Amino acid sequence: MIELARVLDEHKLPRPKVVWEVGANHPNQVHVAPLIGDAERVELFEPHPYYAEELRKFFGTGGKVTVHEVALSDQRGPRLLRDDGCSSYLDGVASPRASVGNEPSNKVTVICRTVDYYDRGDIELLAIDTEGSEWHVIKGLVSRPWLICVEMGWQHYRNPYGDEIRRWMGLQGYRMVETDGQDEVFVR
């Protein structure tokens with residue numbers, strides 16, 4: 001996991017006041033956790049009911065951290081989530097797990113919304129790890145965060161929208177400043 005606070009420091013970017021993580025997962029996997037202390041508002045999006053509840057237990061409710069139990073997608077309404085624990089993904093998405101052909105049989109219905117439903121235009125740092133739905137979040141952004149971290153690969157898997165994501169980043173004035181083979185970090 002790339003240390004986003006370090007990347008901010010290396011690029012002389014201030015600590016963000018508005019931080020989002022889409023696909024937050026389990027509390028011990030929250031990429032933006034080291035930035036919460038300096039932030040004014042943190043929004044964590046996690047559609048998996050178990051992990052959303054764990055996030056609420058860990059980060060509390062009513063403070064600066066808000067947990068949204070929804071999937072950000074290119075569609076609104078109910079949709080099936082393939083329950084693969086920490087690697088759960090929306091049914092029909094070319095996720096890392098789906099790319100090897102052994103999709104989990106357990107499914108749960110989740111609510112999907114488009115990113116513009118929540119995006120007020122003030123996100124300063126965004127981390128996205130949605131197991132194949134990253135492009136659906138990025139292409140609908142209202143904000144232009146200073147830093148965006150996107151899951152782009154994992155072992156044999158390459159994000160099916162990698163070209164679109166990189167093209168969008170370039171058109172919006174972002175440049176990739178770091179990768180670890182799994183995540184790519186872009187700054188503006």
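Worth pointing out:
- The residues in the range 48-73 that are surrounded by 14 or more Cβ atoms within 10 Å (Cβ to Cβ), of a type in the set (D, E, K, R) and either over 13 Å from Val108 (Cα atoms) or modelled with pLDDT under 90 (or both) can be counted, and the count is 3.
- Taken as a whole, the condition of being buried (at least 16 other Cβ atoms within 10 Å of the Cβ) and touching a residue at least 24 places away in the same chain (Cβ under 8 Å) applies to Gly23.
- Qualifying positions in the range 146-188 - farther than 21 Å from Asp74 by Cβ, among the acidic types (Asp, Glu) and surrounded by fewer than 14 Cβ atoms within 10 Å (Cβ to Cβ): Asp180
- Cβ pairs under 9 Å, 6+ apart, first in the range 33-46 and modelled with pLDDT of 95 or more, second in a strand (DSSP E or B) and small (Gly, Ala, Ser): Phe45/Ala71; Glu46/Ala71
- Within the range 169-181, residues that are over 18 Å from Gly140 (Cβ atoms) reach partners that are assigned to a strand (DSSP E or B) and of a type in the set (Asp, Glu) with beta carbons closer than 7 Å, at six or more positions or on different chains, in the pairs Met176/Glu184.
- Selection of the range 101-135 for residues being among the β-branched types (Val, Ile, Thr) and more than 14 Å from Glu21 (Cα to Cα) yields Val108, Thr109, Val110, Ile111, Thr114.
- Check on Ser133, in contact with a His (Cβ under 9 Å, 6 or more places away or on another chain), crowded, with 18+ Cβ neighbours inside 10 Å and under 20 Å from Tyr50 (Cβ atoms): no
- Val30 being farther than 16 Å from Gly62 by Cα, in contact (Cβ under 8 Å) with a residue 24 or more places away in the chain, of a type in the set (A, V, I, L, M) and surrounded by 16 or more Cβ atoms within 10 Å (Cβ to Cβ): yes
- Note on the range 109-156: among residues that are of a type in the set (A, V, I, L, M, F, W, C), more than 18 Å from Leu81 (Cβ to Cβ) and assigned to a strand (DSSP E or B), the one that is modelled with the lowest pLDDT is Trp154.
- Residue check, Arg167 basic (Lys, Arg) and either modelled with pLDDT of 95 or more or farther than 21 Å from Pro27 by Cα (or both): yes
- Verdict on Leu141 being within 16 Å of the chain's Cα centre (by Cα), without any contact (Cβ under 8 Å) to a residue 60 or more places away in the chain and within 17 Å of Trp20 (Cβ to Cβ): yes
- Out of His26, His48, one residue alone is closer than 24 Å to Gln182 by Cβ and touching a Ser or Thr at 6+ places or on another chain (Cβ under 6 Å). It is His48.
- Given (1) outside any loop (DSSP other than H, G, I, E, B); (2) in contact (Cβ under 8 Å) with a residue 60 or more places away in the chain; (3) hydrophobic (A, V, I, L, M, F, W, C), number of the condition Ile2 does not satisfy: (1)
- Residue check, Phe45 crowded, with 16+ Cβ neighbours inside 10 Å and among the aromatic types (Phe, Trp, Tyr): yes
The values are calculated or read from the model by the stated rules, or taken from the named source; none is laboratory data. Everything numeric in this text was worked out from a predicted model, so none of it was measured. Because the Cβ atoms are built from the backbone with ideal geometry, glycine has one as well, and the counts that use them run over all protein chains shown.
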